[in-house]
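Reviewing the structure listed below.
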Amino acid sequence: MIEEILPPGVRSSEAFDDLAPAPLFPEEAALMAGRRPRRQAQFATARACARRSLAELGLPPAPLLPGAGGAPRWPAGVVGSITHCDGYRAAVVARSAEVAALGIDAEPAEPLPRGVLGLVASDSERAALERLAAGSPELCWDRLLFSAKEAVYKAWYPSVERWLGFADADVRFAPSGTFTARLHPSEPPPDAPTHFEGRWLVRNGLLLTVVATTTAPAGHDDAPLLSAAGGE
Ligand SMILES: CC(C)(COP(=O)(O)OP(=O)(O)OC[C@H]1O[C@@H](n2cnc3c(N)ncnc32)[C@H](O)[C@@H]1OP(=O)(O)O)[C@@H](O)C(=O)NCCC(=O)NCCS
């Protein structure tokens, strides 16, 4: 499902349950020792997805441990992202020569709990969501905004290793399935991304968002599915 909204060069694998216990490397198993069975299962299934995706890039199985801020430590030359929610786990990877930043998020396609939208959306974002809801009331635009911001964070963090708050990004959706995120943290690190572009999909009770910054080779005329973004 997620491959429908990924740009070229990004490999993905997804799972809709944790039926088979997925094998872990000893250092991964040590990390999960004592954790709740649900967390162990989602962690293991997501790693199985990640290793399948890495295999598509021609890379051998390797432990995937958390690094700074909880972001997964991918093999050298690789960017990637992981998500899990009830009924869904996925991992995406790409060569960093082709994709500079990658973030994915999955959520149940249900309205946010009461009070949460006020924590994640500005007044102007809320007004934009209301306009979208007038045209497509069947979609959970509030949850979509939350998910897009989570995907933005996962794409942002690995390159700068700095917190980005919900108020530090302004996210705007197009009903056709794309969105843009303008980033305006106070005191941004040098060379930090200033905007991202993303895509979204709602299907089978799930809502998926993807943020990717592709690096088109010089002289390449074909526009990438998600265009390059970065310092302006
Ligand atoms: C880290 C965070 C984005 C994870 O999102 P989530 O919806 O709670 O959980 P998901 O299942 O979708 O994603 C979890 C995965 O995110 C990845 N992740 C965790 N921290 C990360 C980070 N700092 N950078 C990139 N990826 C990260 C991990 O792979 C994790 O899975 P794993 O522990 O099994 O490896 C979220 O918990 C969080 O802290 N959000 C606050 C920051 C934010 O969203 N700001 C908005 C900016 S506009």
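Some points to look at:
- Matching entry among Leu112, Leu164, Leu183 (being more than 25 Å from Arg73 (Cα to Cα) and aliphatic (A, V, I, L, M)): Leu112
- Any hit, the stretch 198-220, residues being out of contact with any His (no Cβ under 9 Å at 6 or more places or on another chain), within 16 Å of the ligand (Cβ to nearest atom), assigned to a loop (DSSP other than H, G, I, E, B) and of a type outside the set (Gly, Ala, Ser): no
- Condition met for Arg11 (within 14 Å of the ligand (Cβ to nearest atom), of a type in the set (Lys, Arg) and either at pLDDT 95 or above or on the phi < 0 side of the Ramachandran plot (or both)): no
- Some residue of the stretch 193-201 being out of contact with any Phe, Trp or Tyr (no Cβ under 6 Å at 6 or more places or on another chain), farther than 20 Å from Pro7 by Cβ and modelled with pLDDT of 95 or more: no
- Taken together, the residues in the stretch 70-86 that are within 9 Å of the ligand (Cβ to nearest atom) and surrounded by 13 or more Cβ atoms within 10 Å (Cβ to Cβ) amount to 8.
- Residue within the stretch 141-160 that is in a loop (DSSP other than H, G, I, E, B) and either in contact with a Leu (Cβ under 6 Å, 6 or more places away or on another chain) or of a type outside the set (Val, Ile, Thr) (or both) present: no
The values are calculated or read from the model by the stated rules, or taken from the named source; none is laboratory data. Note that the coordinates shown come from a computational prediction; the quantities given were computed from them, not determined experimentally. Don't worry about glycine lacking a Cβ; one is built from the backbone with ideal geometry, like all the others, and counts go over all protein chains shown.
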